[in-house]
Amino acid sequence: MIWIALFDLGDVVARWDPSPRLAEYARRSSLSVDEVRSRLARDGFWEDTDRGVYSADEMHAQICARLGVAFGRDELLALQALAFRIQPDVLRIAEALAERLRVGILTNNAPLLREAVPAHLPELARVFNPILYSFEFGHTKPARALFDFVARALELSPREIFFVDDQPRHVAAAREAGWDAVPFASAAQLRRALIERSLLGAET
């Protein structure tokens, strides 16, 4: 029996487009977008933030140092949220699903996004509980360890977790961990998958 449905964030619950964030970084630092991207990618920094190598304060300090800008904390949090645009049709599915079981998010993301969500992406905080970030577990999708750690943290067996992600390799890894996982193609396809599992009614 499924007890929780976990949604990926980027390109499932929200469209992921880092270009507005990069453009703002570039504007405020007087650097080109390519230079901003290069500085933030140097030494694997951005991937390391998703793995929990840096605390929120350390991440803040690194971004300021790499771009040469003394960003205020709320300013920086707003920039993190700028890369996400909520998909209303998927949010409606999650809201309907939340009337029947727990609905959460599992995302490859960093400490500053967790801090940004309540004020800058309030729809997520309203609908999804828990919101689980890869940095909290020290691993990113598709690492098998992440899925195992998440199941233990939720105190659920793998077969009690439904998962949807736009990345086929993440779906494959979740299935290998024993989760019921499906690839995301559209809100309509996701609704059908949930109806097939009797997690949503056909009228939803």
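The values are calculated or read from the model by the stated rules, or taken from the named source; none is laboratory data. Bear in mind that the values here come from a model prediction, so they are computed numbers and not experimental data. Note that we place each Cβ from the backbone using ideal geometry, even for glycine, and neighbour counts take in every protein chain shown. Quick note on the areas: whole protein, heavy atoms, side chains included, nothing else; ligands and nucleic acids left out. Shrake-Rupley method; radii C 1.70, N 1.55, O 1.52, S 1.80 Å.
What number of residues within segment 180-198 satisfy the criterion of being under 18 Å from the mean Cα position of the chain (by Cα) and in a loop (DSSP other than H, G, I, E, B)?
Qualifying residue count, segment 180-198: 3.
Taking segment 20-53, which residues are open to solvent by 60 Å² or more (accessible area, probe 1.4 Å) and either in contact with a Lys or Arg (Cβ under 8 Å, 6 or more places away or on another chain) or closer than 19 Å to residue 78 by Cβ (or both)?
Of everything in segment 20-53, those that are open to solvent by 60 Å² or more (accessible area, probe 1.4 Å) and either in contact with a Lys or Arg (Cβ under 8 Å, 6 or more places away or on another chain) or closer than 19 Å to residue 78 by Cβ (or both) turn out to be 27, 28, 39, 42, 46.
Could you say which residue among 94, 56, 110, 98 is out of contact with any Lys or Arg (no Cβ under 8 Å at 6 or more places or on another chain), surrounded by fewer than 20 Cβ atoms within 10 Å (Cβ to Cβ) and at negative phi?
Result of the check over 94, 56, 110, 98: 98.
Please go through segment 51-72 and give me each residue that is more than 17 Å from residue 21 (Cα to Cα) and touching a helix residue (DSSP H, G or I) at 6+ places or on another chain (Cβ under 7 Å), ordered by number.
Those that are more than 17 Å from residue 21 (Cα to Cα) and touching a helix residue (DSSP H, G or I) at 6+ places or on another chain (Cβ under 7 Å): 51, 52, 54, 55, 56.
Out of the residues in segment 113-145 that are of a type in the set (Lys, Arg) and over 24 Å from residue 73 (Cα atoms), state the one that is surrounded by the most Cβ atoms within 10 Å (Cβ to Cβ).
Among those residues, the one meeting the criterion is 141.
Run down 148, 166 and say which single residue is open to solvent by 30 Å² or more (accessible area, probe 1.4 Å) and in contact with an Asp or Glu (Cβ under 6 Å, 6 or more places away or on another chain).
Of the residues listed, the single one that is open to solvent by 30 Å² or more (accessible area, probe 1.4 Å) and in contact with an Asp or Glu (Cβ under 6 Å, 6 or more places away or on another chain) is 166.
So, in segment 1-33, of the ones that are in a loop (DSSP other than H, G, I, E, B) and among the polar types (S, T, N, Q), which residue ends up nearest to the chain's Cα centre (by Cα)?
By that ranking, first place goes to 32.
From 62, 87, grab the single residue that is of a type in the set (S, T, N, Q), surrounded by 14 or more Cβ atoms within 10 Å (Cβ to Cβ) and within 19 Å of residue 140 (Cβ to Cβ).
Going through 62, 87 in turn, the sole match is 62.
I'd like to verify a number: residues in segment 101-122 that are outside any strand (DSSP E or B), touching a Gly at 6+ places or on another chain (Cβ under 9 Å) and within 30 Å of residue 200 (Cα to Cα), how many?
Here the count works out to 2.
Cβ-Cβ below 6 Å, separation at least six or inter-chain, first residue in segment 75-87 and within 17 Å of residue 125 (Cα to Cα) and touching a residue at least 12 places away in the same chain (Cβ under 8 Å), second part of a helix (DSSP H, G or I) and open to solvent by less than 10 Å² (accessible area, probe 1.4 Å): which pairs?
Listed by first residue and then by second, the contacts come to 77/116; 80/112; 80/113; 80/116; 81/116.
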